[in-house]
Structure formats: C-alpha cells, structure tokens
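The values are calculated or read from the model by the stated rules, or taken from the named source; none is laboratory data. Note that this is a predicted model, so its numbers are computed, not measured. Neighbour counts are summed over all protein chains in view; Cβ atoms, including those assigned to glycine, are modelled from backbone coordinates with ideal geometry. Each accessible area value is taken on the protein alone, full model and side chains, heavy atoms only, with ligands, DNA and RNA left out. Shrake-Rupley method; radii C 1.70, N 1.55, O 1.52, S 1.80 Å.
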Amino acid sequence: CGTTSLLPMTPKKPQQWLQVVGHAGSFHVGDYGTLLKRFCEGEQQCYLRLMEDTLRPFVPAYHGVVQRDEQDYNMMDNLLTHFNTPAIMDCKMGSRTYLERELLLARERPQPRNDMYEKMVAVDPEAPTVQERAQQAVLKTRYMQWRETLSSTTSLGFRIEGFKKSNEECHTNFKRTKSREQVMTAFTNFVESNTHIVWGYLRRLKELRQVLEESVFFRTHEVVGSSLLFLHDWKGRTGVWMIDFGKTAVLPAHLTLDHRTPWVEGNREDGYLWGLDNLIDILSNMLPL
Ligand code: ATP
Ligand code: MG
Ligand code: MG
C-alpha cells in the first residue's frame with residue numbers, strides 16, 4: 001500500500017501532477033511534493049481536524065495556507081509523488097452530492113439555470129419537463145437530483161467521476177454508469193484486469209472502512225462531494241485516499257451520523273459508508289473465488 005508520510009523530497013525532482021476531474025485552474029504544484037488547492041475555509045477546517053483524527057493516514061497531509069499572486073491556497077501533499085506515472089481514478093462518495101443547506105437555499109431563492117438546462121439536454125433530450133423546456137432552464141436542485149439518478153450515486157452510494165490510465169487520456173464519460181455491471185466493467189478497464197491491483201485496493205478500502213467506523217471526525221460531519229482517489233502504477237503499488245472536503249459540513253453538537261441510514265431530508269445522512277460497502281462488494285466480485 002502507498003505511504004502517507006511526507007518523505008523529504010529532493011527539490012530538484014520535477015513534480016508530476018495532473019488532475020482527473022474538478023475545476024481546472026484551482027491547483028498549482030507546490031515545492032517538495034506538495035499541491036496547492038484554491039483556498040476554501042470549510043476545507044481548511046476539515047483538514048485541520050483531520051490531522052488530529054484517526055483518519056489522518058487516509059488523507060493528504062495538510063501544511064497550512066500559502067499565498068500566490070494574491071490568491072490563498074491550502075497546501076497539502078501531492079499524492080502522486082510516490083508513484084511512477086500512476087493510473088488515477090476519482091470516485092465521488094455518498095448517495096447525494098449536494099448539502100441539505102444547498103437544497104434549502106435553492107428553495108428559498110430558486111434560480112432557473114440555462115447552463116444546467118443545456119447540460120441536461122446534452123445527456124438526455126427527453127429529460128426536461130414542458131415547463132423547463134419553455135423556460136430553457138432548470139433549477140439547480142432539480143438538475144443535481146436528476147443527475148444523481150442517472151449515475152450510480154443514488155443506487156450505489158458512489159459514482160466514478162473519471163480515471164486516467166498510465167499513458168492514456170482521461171476518461172470522464174461516466175455520467176450514465178449506473179449498474180453494478182457497468183461499474184465493474186469500468187474498474188476492470190482501469191486496473192487492466194490485474195487482480196494484484198484489485199487486492200491492494202480492497203485491502204486498503206477495508207482498512208479505511210474500519211477506521212471510518214471509529215473516527216470522531218467522520219461521525220460528526222456530513223461528508224458530501226468528497227472523493228476517494230485511487231492510484232496504482234506498473235510496479236504494483238496501490239493507494240487510496242480521501243480528498244475534497246470543500247462540501248463537508250460539521251454537524252450540530254447533538255447530532256451524529258452512521259453514514260449508512262438512508263437519507264431523508266433533515267437527517268443529514270450522506271450514504272458514504274453504504275457506498276463504500278457497495279464499492280468493496282463490487283471489487284470483491286472482480287476476484288476469482
Ligand atoms: P470538484 O468539487 O469539482 O470535485 P475540486 O476543485 O474540489 O473539484 P478536487 O476534487 O479536490 O477538486 O480535486 C480534483 C482532482 O485533482 C482530483 O480528481 C485528483 O485527480 C486531483 N487531486 C486533488 N487533490 C489531490 C492530491 N492531494 N494529490 C494528488 N491529486 C489530487
Ligand atoms: Mg472533487
Ligand atoms: Mg470539490
């Protein structure tokens with residue numbers, strides 16, 4: 001399994017980094033094997049708490065805030081550092097990818113969005129209602145909920161956002177990858193049918209599950225829009241880390257989540273562990289009996 005300790009790096013070594021998905025332009029490669037992500041206070045607070053939590057070995061090490069060209073960045077380990085031109089996959093975890101807070105806001109101030117209408121039509125011209133068609137716009141909440149039923153987010157509690165094999169282009173066309181079979185096909189392609197790699201990922205995911213079940217951080221946060229980043233290389237090295245806490249929200253003091261109970265509005269459950277159970281199950285089925 002991959003190591004998470006920040007090993008001293010030689011400053012001369014050229015840093016490799018590329019991003020599979022996410023907002024382009026939010027990142028810079030930093031010195032000494034670090035990565036700079038555009039500052040977000042919520043994400044900073046999460047990383048600070050995570051550095052004190054049992055989950056620490058499962059997230060990139062956090063190194064504080066730095067400034068570049070007047071812009072603040074959160075500095076963290078570049079997880080690619082210890083791999084040789086790795087294959088990379090981003091899996092967005094959870095049975096929904098918007099916060100309850102976003103749902104409330106969108107309802108208070110409904111904003112019809114033309115860009116989301118266009119995205120919807122591009123995937124499925126039949127999807128908009130008569131009214132949406134007349135307006136050439138959909139509400140953000142409607143768009144998000146629609147999208148989640150297309151992919152495996154609602155049905156399996158995670159979705160593949162994209163992957164890149166060692167020397168290939170990024171594949172990001174998984175918006176309609178929904179069934180177990182489709183997910184398994186995508187994973188098989190990603191690992192190029194290498195069962196050793198699947199073993200490595202499974203071992204790491206099971207360790208992660210154990211730690212998540214005990215973690216104070218995890219119990220006390222609504223973890224939405226966060227991903228598992230899968231990395232492997234031709235040497236057979238594998239690793240999985242949790243990334244992207246931009247939408248992870250701390251819960252009120254009296255409330256904790258088990259991350260498996262189905263979501264109903266108000267209970268804040270995110271389906272993260274349920275999704276991880278499904279992911280582990282699917283990967284297990286890729287191995288010979
Ligand atoms: P979005 O909210 O749209 O998912 P984002 O702007 O919040 O995107 P992230 O999801 O944090 O960005 O990261 C985008 C991509 O950048 C990931 O899929 C991964 O490929 C890469 N990445 C992010 N953090 C790291 C890291 N610490 N080490 C290596 N690669 C990373
Ligand atoms: Mg992300
Ligand atoms: Mg994000």
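Observations, loosely collected:
- Shown here for the range 211-289: trypsin sites (Lys or Arg not before Pro) in loop regions (DSSP other than H, G, I, E, B) with at most 10 other Cβ atoms within 10 Å, namely 235.
- log10 of Debye I(q)/I(0), alpha-carbon scatterers only, for the range 29-111 at 0.18, 0.22 Å⁻¹: -0.97, -1.15
- When the pairs 175/235; 140/175; 140/164; 37/247; 92/206 are compared against a 26 Å limit on Cα-Cα distance, 175/235; 140/164 fall above it.
- Inter-site label distance for residue 256 and residue 101 at 7 Å from Cα along Cβ, in nm: 2.2
- Once exposed loop chymotrypsin sites (Phe, Trp or Tyr not before Pro) are cut out (DSSP; at most 15 other Cβ, 10 Å), longest piece of the chain: 18-233
- Note on the chain: percent of Cα-Cα distances in each 10 Å bin, starting at 0 and stopping at the bin with the largest distance, equals 6, 27, 35, 24, 8, 1, 0.
- The dipole here belongs to the chain: it is taken about the Cα centre, uses +1 on the Cβ of Lys and Arg and -1 on the Cβ of Asp and Glu, and is about 340 debye.
- Dipole magnitude of the range 176-264, debye to nearest 20 (Cβ charges: Lys/Arg +1, Asp/Glu -1, about Cα centre): 160
- Residues whose amide H lies under 5 Å from that of residue 72, counting only those 5 or more places away or on a different chain, are 39; hydrogens are built 1.01 Å from N in the peptide plane.
- Springs join every pair of Cα atoms under 10 Å in this Gaussian network model of the chain, and among 227, 166, 152 the largest mean-square fluctuation is at 166.
- This model, with +1 at the C-beta of Lys and Arg and -1 at the C-beta of Asp and Glu, gives the range 145-189 a dipole about its Cα centre of some 120 debye.
- Quotient of the Cα radius of gyration of the range 129-206 and 2.2 N^0.38 Å, N being its number of residues: 1.43.
- Straight-distance crosslink candidates among aspartates and glutamates, where the alpha carbon sits under 15 Å from residue 119 and sequence neighbours closer than 8 are dropped: 132, 148
- By a 1.4 Å probe calculation restricted to protein chains, residue 196 has an accessible surface near 110 Å², given to the nearest 10.
- The C-alpha atoms of the chain define a longest principal axis, and helix 195-214 lies at about 70 degrees to it.
- Taking Cβ atoms as reference points and 9 Å as the exclusive limit, the residues near residue 156 contribute a net charge of +3, counting Lys and Arg as +1 and Asp and Glu as -1.
- Normalised by 2.2 N^0.38 Å, where N is the number of residues, the C-alpha radius of gyration of the range 214-289 stands at 1.31.
- Residue 21 accessible area, assembled protein chains, probe 1.4 Å, Å²: 40
- Within the listed set 89, 76, 120, the residue fluctuating most in the Gaussian network model of the chain (springs between alpha-carbon atoms under 10 angstrom) is 120.
- Over all distinct Cα-Cα pairs of the range 156-289, the Kirkwood formula returns a hydrodynamic radius of 15.9 Å.
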